[in-house]
Amino acid sequence: MAHPLIDLELSEGPMLSVREASAHVFQPIAERLKKTARSGSKIVLEPDAERDRLLADYRRQFTEQMLHDASYNLQQLWQWANKIDASRVAASRVLDDAQVRDGFRRLDRLRCELINTDCWAGDDDEIDCGVAFQQFYVDALQLGDRLRRVQGGQRPRFKPGKKLRRLEIPSAASYRIVQALFNAVDVAVPGVAHLRPLRSLIPSVFYIAMRSALPWPPYRAHEYEKKLHVILASGALGSLNSSASEVVRLRGFDEFFRDPHFFEPRTGKTRHNIILALSHRQSVYDIAIMAEVLHGIDHGVWSNPRYLPKSLKSDPKSVIVEPEGRKALRALREKSAAILQDARIPLAIFAAGSIPYLPYGQQMRVRRGIRMLVDHLAKIGAGNSRRTYVVPVTFDDTVAFIRGLDPHITVTVHQPICTDDIHWEKSAARRGQINRGDPLLNHLECLFLANSGQVRHGWSTPQVIKTIQRVHHSLKFGHTLRDRFRRAVHPSIYDLSVEAS
C-alpha cells in the first residue's frame, strides 16, 4: 500500500532527474527584438504575433521548469528519508517523526498548490504562487536539515501524535521562532547574513521604523533613497559577490540625461513627459540600485504603500500604487501627471514585478499600470506640445549578481519609445493573448528578459539535499559568531540559489 504522505506518482514512480535549460533557449526573443528597431531609428511598436508567441512559450517553459523542480526535490527528500530508515536498526523510524511527517504533507500540499495556481494570471494568483514557491523551499530545506541531523546520529524526539506549533509568517513559516524570523528576513533581503547589516541595512530600516511609529516625521522618497544608497556605498552588496570590483555599471545615462531634446540644459527640467520603466529582479536590492543610478537626478517614483509609513502619502514626489478602487486609481493618475507635466521631472516606475523566484531569476510579468498612465497622459495631453516617452531601464541582472553568476550589474537606458509610435487598437485585444496583445507591455517584457542573466546562464534545477550538505560542510569548523548563528538555522533560499548557479 502506498504511503499516504506524498503523491503516489512521486513515492513509487520513476525517478526524476536534474533539468537544465540552456541559455540558447532565450535567444529567439533577443533576436526578435533586434527587428523592432534599427540603430539610430525610432521604435515603432505594433502587434507582433511572433513576439507574443515567443513570450508565451517562455512563460510556459518557466512554469514547467518550476513544477518539475518542486517534484524533483520532494521525491529526492522522500528517497533520502526511506534510505535512512532502511539503514537504521533502532525501533523508531524517521518517517514516524511528527515533524518529518508534517513536513512531507506540507511539501506535497504546496506542490499541488503550485500545480493548480497560474503564476502569470494576475496579482492575487501571482502572489499566492510566489508565496507557495518560497514556502515550499523553506520547508524543504528545513525537512532536509532534519533528515541530515538524524542521519548524522542526532536523535530528535519521535512522537507520532505530537501536536506541532508553527509561527505562520507568509513564505517563511517555521516550527521555531528564530528560524521563522530568519526566513522572513532572508526572503526579503537574500544573503542578509553576509551583508554586515549594522552598517548597511540599519539606516534605511531605522528611517522607515521611526516614520511608522511616530506621526510627525514626514516620509520623503529622496531621503529614503539616500539611506538605501548606503547598501552600495558601504560595500555590503558587493560582499555577496567575491568577484565584484564595482557593483553597478551604467550605460546610456549621460547621453540620455544630457540630451537637449528631453531636458533643458540650464534647469534640467524635462521638455516632454519622461516615464522611466525599470525592470525588476529583487525588491530591496533593486530599490538600492535605483537610488544609486538616479542619485542627483530630480525624479518622482511609484511607491508600494504595503511596507512604507502612512506619511508616504504626503510626499509630493511619491505616487501611491493602490490597485483597489476608482478613487485610488484616479489619485494615482492625477499625481503622476502632476509630477510629469507640472513639476517636469521624470517618473520612475518598476514596470515588472511580483514575488521573484530567486533560484531562477525569471522575468516577471509587466504590470498594466504603465499602460493606464500612458493612456491617461494621451487623454489629457491632446493638443499639448509635450509628448510622452517610455524609457526602458534594465538592471542586468540583480539576481545573477547576488547569486555570483555575474561580476557586476549593468544598468542600461534603452532607446526611448514615443507613445505616439505605439499602434494598437484595444478593441482588437483578446483574453487569450499575453497581456491581451498590448505591444507596449509585451515589448517591455521581452526587452527586460533579453537583458537578464537568463540569456547568459539559462536555468538549472535547485537541489535541496546538495545545498544542505554543502552548507553544513562549509560551516562545520567555523568559529565566528556568524558561523555559530548559521549552524543554529537551516540553509536559506539564498544558499539554495547560489548552489543552483
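So here's what we get for this one:
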item: Qualifying position, being over 30 Å from V94 (Cα atoms), within 23 Å of the chain's Cα centre (by Cα) and of a type outside the set (A, V, I, L, M, F, W, C), among P197, P170; result: P197
item: Filtered residue count, region 113-128, keeping only those that are in contact (Cβ under 8 Å) with a residue 24 or more places away in the chain and either assigned to a helix (DSSP H, G or I) or closer than 22 Å to A81 by Cβ (or both); result: 5
item: Near pairs, Cβ below 7 angstrom, 6+ apart or cross-chain, from region 46-64 (touching a residue at least 24 places away in the same chain (Cβ under 8 Å) and assigned to a helix (DSSP H, G or I)) to any residue that is surrounded by 18 or more Cβ atoms within 10 Å (Cβ to Cβ) and among the small types (G, A, S); result: D52/G437; Q61/A21
item: Residues (over 29 Å from T412 (Cα atoms) and surrounded by fewer than 19 Cβ atoms within 10 Å (Cβ to Cβ)) located in region 209-250; result: A209, M210, S212, A213, L214, P215, W216, P217, P218
item: Close pairs from region 4-16: first in contact (Cβ under 8 Å) with a residue 40 or more places away in the chain and of a type in the set (S, T, N, Q), partner exposed (fewer than 11 other Cβ atoms within 10 Å of the Cβ) and part of a loop (DSSP other than H, G, I, E, B), Cβ under 9 Å, at least 6 apart; result: S11/A2
item: The listed residue being under 24 Å from Y357 (Cβ atoms) and either surrounded by 15 or more Cβ atoms within 10 Å (Cβ to Cβ) or modelled with pLDDT of 90 or more (or both), out of D48, D57; result: D57
item: Some residue of region 156-174 being surrounded by fewer than 19 Cβ atoms within 10 Å (Cβ to Cβ), modelled with pLDDT under 90 and in a helix (DSSP H, G or I); result: no
item: So V471, is it surrounded by 16 or more Cβ atoms within 10 Å (Cβ to Cβ), β-branched (V, I, T), in a helix (DSSP H, G or I) and touching a residue at least 60 places away in the same chain (Cβ under 8 Å); result: no
item: Test for Y389: is it touching a residue at least 40 places away in the same chain (Cβ under 8 Å), crowded, with 19+ Cβ neighbours inside 10 Å and part of a loop (DSSP other than H, G, I, E, B); result: no
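The values are calculated or read from the model by the stated rules, or taken from the named source; none is laboratory data. Worth saying up front: this structure is predicted, and the values here are computed from it rather than measured. Glycine also receives a Cβ, built like all others from the backbone with ideal geometry; neighbour counts cover every protein chain displayed.
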